[in-house]
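The values are calculated or read from the model by the stated rules, or taken from the named source; none is laboratory data. Since the structure is predicted, the reported quantities are computational estimates derived from the model, not experimental observations. Cβ atoms come from the backbone with ideal geometry, glycine included; neighbour counts cover every protein chain shown. The protein model used for the area step is the full one, side chains on, heavy atoms only, and it has no ligands, DNA or RNA in it. Shrake-Rupley method; radii C 1.70, N 1.55, O 1.52, S 1.80 Å.
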Amino acid sequence: MKKITILDIQRFKNEGRKISMLTAYDCQISRILDGCNVDILLVGDSVGNAVMGLENTLPVTMADMLHHVQAVTRGRKQALVVADMPFMSYQVSIEEARRNAGSLVKDGGAEAVKVEGGENAEDVISALTRIDIPVMGHIGLTPQSIHRMGGYKVQGKEEHQRQRLLADAQAVERAGAFAVVLEGVPASLAREITSTLTIPTIGIGAGPDCDGQVLVINDVLGLSGKFRPKFVKQYVQLEELIKKAVCEYVEEVQSGKFPSDEYSFK
Ligand code: KIV
């Protein structure tokens, strides 16, 4: 079992081998995904919606992120762990960005951080890469920009947006990012960005031609309630399985069937 590094992620693109990435927020899911040979575990600030019951990612704090990054790094053996920089942890100053990114690596055990933004994040990305903290970029539908975008809307449909996203992609690569997430963009634009960049692109709602794909694990496992955007493929309906198991448990406790002798000490 070989530990995956950012050099492997670049090699995968060069070899045309697709990259798999999933979010993870706790130790047990991290262990299971790692055992399935997922290349990258992203401790996303989507922890806000997926785990903490928040409406969006904006209230997620550095303390929240550190808590979950530590749990995920304890569970994995080989996957590369990337930690999201939460809203306002990198926007105020380069000094704060460096301190916060450093903490996700030093105290959390992450091997890289992810920063939302294109041309507007170029200085932050290069400041972090200059102190040897690998950075994954994130452009297109960036959830921390929900108020500017007026909601979760596909980006890059209009020509002026398309040109801006092409420039954002170039800026992220120029700043030294080792990979970039393309979220919620037309497949044709993702294809164009992927073919012009040297670094790998990881798509979510960005069609099949990115160098890799990422999804939120709760969506993949059917643990997101009725929330089901078009780009999500649900591979299993865990909510139904959990309900069935828990209802059976409740019924057996109430009827006295559980615990039987098998589950009792002599
Ligand atoms: O926070 C997150 O889960 C993300 C992915 C959707 C890319 O940023």
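Considering only region 120-132, I want to know if a residue exists there that is of a type in the set (D, E, K, R) and under 25 Å from Ala50 (Cα atoms).
Looking for residues that are of a type in the set (D, E, K, R) and under 25 Å from Ala50 (Cα atoms), one finds none in region 120-132, hence no.
I need the full set of residues from region 143-181 which are closer than 16 Å to Ile125 by Cα and within 16 Å of the ligand (Cβ to nearest atom), in order please.
Asp168, Ala169, Val172, Ala177, Phe178, Ala179, Val180, Val181
Can you name every residue in region 208-224 that is closer than 29 Å to Glu240 by Cα, more than 10 Å from the ligand (Cβ to nearest atom) and open to solvent by less than 30 Å² (accessible area, probe 1.4 Å)?
Val220, Gly222, listed by residue number.
Hey, could you check region 106-162 for residues that are β-branched (Val, Ile, Thr) and assigned to a loop (DSSP other than H, G, I, E, B) and say which is nearest to Val181 (Cα to Cα)?
That would be Thr142.
Taking region 153-172, which residues are more than 30 Å from Glu95 (Cα to Cα) and open to solvent by 30 Å² or more (accessible area, probe 1.4 Å)? Let's see the steps before the verdict.
First pass over region 153-172, keeping only residues more than 30 Å from Glu95 (Cα to Cα): 153-163.
Within region 153-172, Lys153, Val154, Lys157, Glu158, Glu159, His160, Gln161, Arg162, Gln163 meet the criteria.
Determine whether region 194-204 contains at least one residue that is more than 16 Å from Gln155 (Cβ to Cβ), in contact with a strand residue (DSSP E or B) (Cβ under 8 Å, 6 or more places away or on another chain), open to solvent by less than 10 Å² (accessible area, probe 1.4 Å) and not hydrophobic (A, V, I, L, M, F, W, C).
Yes, region 194-204 has at least one match.
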